[in-house]
Amino acid sequence: MVKDEYAISFALILNLRLMKDILSEIIANKRFEVDLQKQAISIEQLQEGINEVPASRSMKRALASSDSGIIAEFKRRSPSKGWIKQEARPEEIVRHTLRQVLPPSLFSLMRSFLEEV
């Protein structure tokens with residue numbers, strides 16, 4: 001029992017260290033990115049652009065006015081896990097997913113739409 005608890009504790013510590021390393025890498029990359037952006041755009045340019053910010057969009061209103069109400073994210077890679085499915089093709093995943101959730105008659109009607117997607 002004690003041996004199992006030790007193994008679990010050791011695994012958790014290793015996992016926390018790995019997460020800390022990944023987060024440190026993300027933070028370092030973001031700081032570098034911000035420094036590059038600071039060199040590319042002056043504070044004055046940013047202040048001038050404040051008035052040009054587009055109006056915010058409401059996700060609630062967008063979903064309420066949507067015919068499907070579907071929210072989807074296509075993610076090939078995760079910052080913490082690496083590649084999920086490098087060779088994945090979004091159009092195939094959308095087609096497969098819709099085939100699973102739509103009744104066959106509706107899926108057939110949407111075939112031309114899916115080809116455009």
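A Cβ distance below 9 Å, combined with a sequence gap of six or more or placement on separate chains, defines the contacts here; from region 81-93, residues that are without any contact (Cβ under 8 Å) to a residue 24 or more places away in the chain reach residues that are outside any loop (DSSP other than H, G, I, E, B) in the pairs Trp83/Arg77; Ile84/Arg77; Ile84/Ser78; Lys85/Arg77; Lys85/Ile93; Gln86/Arg77. Just one residue in the set Gln86, Gln47 is in contact with a strand residue (DSSP E or B) (Cβ under 8 Å, 6 or more places away or on another chain) and loosely packed, with under 10 Cβ neighbours inside 10 Å; that residue is Gln86.
Read-outs: derived from the displayed coordinates by stated rules, not from any lab. Note that this is a predicted model, so its numbers are computed, not measured. No Cβ is skipped: glycine too gets one built from the backbone with ideal geometry, and neighbour counts run over all protein chains shown.
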